[in-house]
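The values are calculated or read from the model by the stated rules, or taken from the named source; none is laboratory data. Note that the structure is predicted; figures quoted are calculated from it, not measured. Please note: Cβ atoms are built from the backbone with ideal geometry, for glycine as well, and neighbour counts cover all protein chains shown. Ligands, DNA and RNA are stripped out before the accessible areas are found, and what is left, the full protein with its side chains, is counted by its heavy atoms. Shrake-Rupley method; radii C 1.70, N 1.55, O 1.52, S 1.80 Å.
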Amino acid sequence: MAQPAYVQGTLDTLLAADGSVDPAALSLADTTFVVLDLETTGGAADGGGVTEIGAVKVRGGEELGVFATLVNPGERIPAFITVLTGITDAMLAPAPPIESVLPSLLEFLRGSVLVAHNAPYDVGFLKAACARHGYQWPGPRVLDTAAVARRALTRDEVPNRKLGTLAQFFHARVQPTHRALDDARATVDVLHGLIERLGSFRVHTLGDAIEFAKAVTPTQRRQRHLAEGLPHVPGVYVFRAADDRPLYVGTSKDIATRVRSYFTASEKRARISEMLAAATRVEAVECAHSLEAEVRELRLIAAHAPPYNRRSKYPERVVWLKLTTEVYPRLSVVRRLADDDAAYLGPFSSRRTAELAAAGVYDALPLRQCGHALSLRTPTPACALAELGRCPAPCEHKITPEAYAETAALPFRTAIHGDPEIVVAALMGRIEALSEVRRYEEAAVLRSRLIALLRATVRMQRLAALTRLAEVVAARRDTVGGWEIVVVRHGRLAAAATSPPREHPRPTLDAVRMTAETVLPGPGPVPAASAEETERILAWLERPDTRLVETSGDWVSPVRGAARFTALLNRAEAAASGKDSAVRSSVTDRSDDARSLRL
């Protein structure tokens, strides 16, 4: 019988990677527990000091086995321990040492969940003993009945969480006596009493119980029902408020597992806690694979600007550096791309970064920096930059439009669309000259301008290489033998699908191309999508296991483009971040700084 492509599963039927049932997904009634208690000499957990071990194996309320033995600690027992437990040196003299007991105990623990009251104490002694005597600690899942009781019982019910108090509260058949087996049997009854109580907290599986024992907030515990019924597939999840307004949008390869993590102790972000309190439901958007999920997340965030998302909320707020189409062109920071012959560099995330890149251009090329509308007939008084030799003074007609275009405008166009060497060389020359005369602070400013300019140029050329293509079809193997397929048009994800395992992907690919979104490109290097979306697609396409199936043209970048300066950019950014700082307070290190600035 053919297997269905997808079967909706619950946490109780979740399979591990090897095909077995994940123990964390088992219901508490089906879980095998080994309830353990140790008696010790009262010292530190240094690999010894254990005087008695008692353990009871249970499942579904039925006792499956018992492990009990005295242990010779190899040292005298303090008098107060003898008074407390009744265990004497004479009783322990014929008992086996801990290294002889460990193999049998570890075998008894195999495949079970370890339960103890104040479990870190008992587990600490056992782990230290294994390490000291060369046994590998199996790392079982551990459930601490004391921690569960702290979450499940109120102070009105029990004054404290001591084992004796809890045993009395749950009417245990055996009361603790500070002997290992008696205390283990008492803990068994406490465990069963707590499991009955956990049902009211919607805790039904082992994984839920372990997580419940951790320090989750009341809000997380109250709202964890929002994670119920979500699919274990890649996609996007949306936390929505009572008025259906999106509060938070996220993505994951496994929606159900990721959403559940918001209700665990590992989630400590204050804004997420506030979001959970306001959420009333979680909407799941299933996707063909992780790339489609990432793109859908970006689009949903951009469309709805959820208040609890911080990144990717306002893609329209990017700015561009534009070389105007005037007789004497100048640089202008703009928010929109126009369908004109102007040269654009970007996008920049902020106006400050764009102005920093513009300052780098001014340091390298004789572009005018004023914002005046210049006339070919009427001269305009020059500013101080012309007197300092920083501007060719087109305002006073000291340079013709043709000469200005050749020396200033054309090199800028060449730098952003082709080879930026003229700009990089000019800036590097100035940085080196400043370093030679120990003007390190000024050199560092120039370095920042170089970084902003070069980063934007590398990014734009990389984006433009993909977005100029009308269509790219690519595929990569998924983890189960199928193919993840994408159709990209002008840098925008137009369609996504996954072909079934053990079937030829061509029928799926042909079907998805026929139903793919029609993309009409706009102006600029990102004509149909946000730069962030195109970069996510680029990262997926550039993976070693991705195969290009079809392209509408050649996917190429300039031979001497900005990408050849990537190593220089990385080293400059490392220097600016302090990993290889070029500006230090110590004068004795200035020679090293100069070498760093030369990169």
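Estimated from the Cβ-Cβ distance and a Förster radius of 30 angstrom, the FRET efficiency linking residue 261 and residue 177 is about 0.15. Computed from the C-beta positions of residue 244 and residue 413, the FRET efficiency with R₀ = 35 Å rounds to 0.10.
Between 192, 404, 154, the Cα set farthest toward the positive side of the dipole of the chain (charges on each charged residue's Cβ, about the Cα centre) is that of 404.
Multiplying the residue separation of residue 217 and residue 27 by 0.36 nm and removing their Cα-Cα distance gives an extension gain of 66.1 nm. Taking the alpha-carbon distance from residue 322 and a cut-off under 15 Å, which aspartates and glutamates remain once sequence neighbours fewer than 8 residues away in the same chain are dropped? Counting by Cα, and skipping residues close in sequence, residue 322 has these aspartates and glutamates nearby: 339, 340, 341, 355. Counting only protein heavy atoms, what percent of the accessible surface of the chain is carbon or sulfur at a 1.4 Å probe? So the carbon and sulfur contribution to the accessible surface is 52 percent. The long axis of helix 566-576 is offset from the longest Cα principal axis of the chain by roughly 70 degrees. Label segment 402-559 by shape, choosing from rounded, prolate and oblate, from the square roots a ≥ b ≥ c of the eigenvalues of the Cα gyration tensor; if a/c is under 1.5 it is rounded, and otherwise prolate applies when a/b is larger than b/c, oblate when it is not. Prolate, because a/c is 1.5 or more and a/b exceeds b/c. The stretch between residue 107 and residue 304 holds 65.4 nm of extra length on full extension. This uses 0.36 nm per residue minus the Cα-Cα distance. Note on residue 550 and residue 351: the extension gain reaches 67.8 nm, defined as 0.36 nm multiplied by sequence separation minus the Cα-Cα distance. Legend: distances between Cα atoms for 214/313; 57/253; 57/214; 57/127; pairs beyond 31 Å are 214/313; 57/253.
What you get for the chain, charging only the Cβ of Lys and Arg (+1) and of Asp and Glu (-1), is a dipole of about 1600 debye around the Cα centre.
Think of a 1.4 Å ball rolled over the protein heavy atoms: segment 353-427 then has 50 Å² of accessible area per residue.
Does the chain come out rounded, prolate or oblate, given a ≥ b ≥ c as the square roots of the eigenvalues of its C-alpha gyration tensor, rounded meaning a/c under 1.5 and, failing that, prolate meaning a/b above b/c? Prolate.
Can you tell me the FRET efficiency between residue 135 and residue 169 if r is taken as the Cβ-Cβ distance and R0 is 41 Å, rounded to the nearest 0.05? That pair, residue 135 with residue 169, gives E of 0.65. Note that segment 136-290 presents 45 Å² accessible area per residue, ligands and nucleic acids not counted, probe 1.4 Å.
Over the C-alpha trace of segment 499-579, radius of gyration and Dmax come out as 18.1, 53 angstrom.
Sorting 25-35, 400-410 by average packing, meaning the other beta carbons within 10 Å per residue, from highest down gives 25-35, 400-410. Would you kindly calculate the translational diffusion coefficient of segment 210-274, applying Stokes-Einstein with the Kirkwood radius from alpha carbon pairs, for 4 °C and a viscosity of 1.567 mPa s, and quote it in µm² s⁻¹ without decimals? Answer, rounded: 104 µm²/s. Secondary-structure-derived ellipticity at 222 nm for the chain, considering helices only, amounts to -11500 deg cm²/dmol, per-run term -39500 (n - 2.57) for DSSP H runs with n ≥ 4. Among 140-148, 344-352, the peptide with the highest mean count of other Cβ atoms within 10 Å heads the list, and the full ranking is 140-148, 344-352. Taking the Cα centre of segment 175-300 as reference, the dipole from Cβ charges on Lys and Arg (+1) and Asp and Glu (-1) amounts to some 300 debye. Using a/c under 1.5 as the rounded threshold, could you call segment 274-360 rounded, prolate or oblate? The axes a ≥ b ≥ c are square roots of the C-alpha gyration tensor eigenvalues, and prolate needs a/b larger than b/c, oblate otherwise. Prolate.
For segment 473-512, the alpha carbon positions stretch 31, 19, 10 Å along the principal axes, listed from largest to smallest.
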